[in-house]
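Below: the structure, in structure tokens.
The values are calculated or read from the model by the stated rules, or taken from the named source; none is laboratory data. No experiment lies behind these values; they were computed from the predicted model shown. Only protein heavy atoms, including side chains, enter the accessible area calculation; ligands, DNA and RNA are left aside. Shrake-Rupley method; radii C 1.70, N 1.55, O 1.52, S 1.80 Å.
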Amino acid sequence: MELAVSTRRRWPNVPERILDLMRTGAELALQLATSPQVLDELEAGNFGEADKLYVDPVLSAKQRRAIRAGTIHWLNGVIAQPDQPVSAFLVEEAVLGINEVYPAQAAQLLLSNARSVQDIAWQYWMKIAFQLTQNPLELQQLLEISSVSISTFIDDSLQLGLARMQQDVESRKSGHLEEQRELISRIMAGETTDLNTAERLLNYPFSQTHHSAIIWSEEIDTEISDLESLATAFQKACHQTSSLKIIVSPSVIWVWASAQYPVNEKVLEAALKKKENIRLSHGDGGAGIDGFRRSHLDAQAAQRVLGRLKSNVQLVSYDRVRLMAFLSKDAKSIQHYSGHVLGDLAQAPAAVRHALHAFLECGCNATEAAKRLHTHRNTLLRRLAKAEEMLPRPLAENRIQVAVALEALYWIL
């Protein structure tokens with residue numbers, strides 16, 4: 001795994017004008033990077049001379065996704081801070097896929113693929129640079145900082161990939177993954193655990209506060225790589241660059257990450273839209289090993305709520321279903337209760353129920369509820385009036401029970 005990959009050079013000091021040109025070039029390139037023609041060329045360059053080795057279509061697909069994501073990551077980094085190195089980027093499924101299928105050539109393939117893509121990307125970048133300025137000095141400075149930025153990003157990402165490959169090899173040799181699973185099971189059972197030993201084995205600190213997620217699929221043909229991509233999305237949603245990921249089975253992954261920031265559910269919603277057969281529950285815990293355990297148990301409780309209610313919701317936090325975790329011991333009783341409280345509204349179109357649900361969640365603020373639902377305020381008011389007509393008792397006399405009943409139906413229907 002030890003290959004000489006670094007071509008790092010001193011970061012050039014250039015005028016602000018050059019940084020503006022570089023940012024503009026990255027914005028233009030970002031538009032190109034989403035075009036099928038450019039993506040096809042970049043993805044084809046990923047294979048290079050090693051094309052004959054890529055007979056596995058699943059592995060090929062993983063590599064194509066990695067190239068696309070890495071290219072967009074560098075461009076976004078340049079747009080944000082053109083005077084700084086872009087952080088290394090790793091798509092684990094791609095790196096581990098090479099390591100699994102071609103263990104003897106894995107490191108060399110990773111290196112040759114990266115250099116092939118770098119060469120093609122550089123050709124496109126030079127064309128953009130010549131469109132941005134005709135001044136020889138500006139062009140020289142722009143190409144110089146661009147070359148250092150690209151090569152630094154590729155080298156740092158390669159080092160990250162090679163380290164992950166080595167970690168994977170060592171884990172498989174030592175039965176490391178099985179040891180991790182067994183340790184996690186003991187922690188979840190509340191058994192006394194030596195923290196220093198556990199942290200070394202998991203390569204994860206317990207002293208921090210924790211977010212935890214359970215990612216699973218109920219479909220038999222789900223790819224483990226799809227679950228892993230959601231695990232990576234959860235890590236990003238926690239604003240972290242590392243996490244603990246445990247593959248429990250081909251259809252279940254457990255993840256922990258630092259809870260320094262709240263979970264950004266928009267990141268998860270965007271990722272789940274592309275994976276309709278995958279679901280994710282998450283919970284928060286305190287610091288230490290007890291917080292580590294609690295965060296997972298909360299994610300597990302949220303998962304069980306969906307199971308008991310036979311809900312088709314893809315994303316759920318324990319905070320969101322804390323009430324339902326208490327109420328959902330008997331799904332039939334919940335349905336009976338909701339029907340009694342809501343009357344005809346229980347069978348109303350979802351848009352009508354959701355309008356009243358959002359209105360109550362927003363403190364009976366129609367403007368805020370309309371924003372949450374992305375609908376016009378007048379449309380919301382019409383739906384609220386319709387809901388009021390269908391309730392067996394006036395809303396003003398029964399808000400708490402109506403809110404609970406609507407919350408229950410949200411997860412059931």
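Below are the figures for this structure:
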item: Per residue value of the accessible surface for the stretch 92-170 (all protein chains in place, 1.4 Å probe), Å²; result: 43
item: Crossing angle, helix 57-80 versus the chain [Cα axis fit, 0-90 degrees, rounded to tens]; result: 90
item: Overall Cα dimensions of the stretch 222-305, principal axis frame, Å, largest first; result: 33, 24, 23
item: Solvent-accessible surface (1.4 angstrom probe) belonging to residue 71, in square angstrom, nearest 10; result: 30
item: Alpha carbon Rg of the chain, scaled by the compact-globule rule 2.2 N^0.38 Å; result: 1.18
item: The stretch 221-294, accessible surface, carbon-and-sulfur percent (1.4 angstrom probe); result: 51
item: Average accessible area per residue (Å²) across the stretch 207-342 - probe 1.4 Å, nucleic acids and ligands excluded; result: 48
item: For the stretch 68-94 versus the stretch 269-308, the gap between their alpha-carbon centres in whole angstrom; result: 28
item: Entries in 245/266; 273/310; 62/371; 266/386 that, when Cα-Cα distance is taken, lie over 29 Å; result: 62/371; 266/386
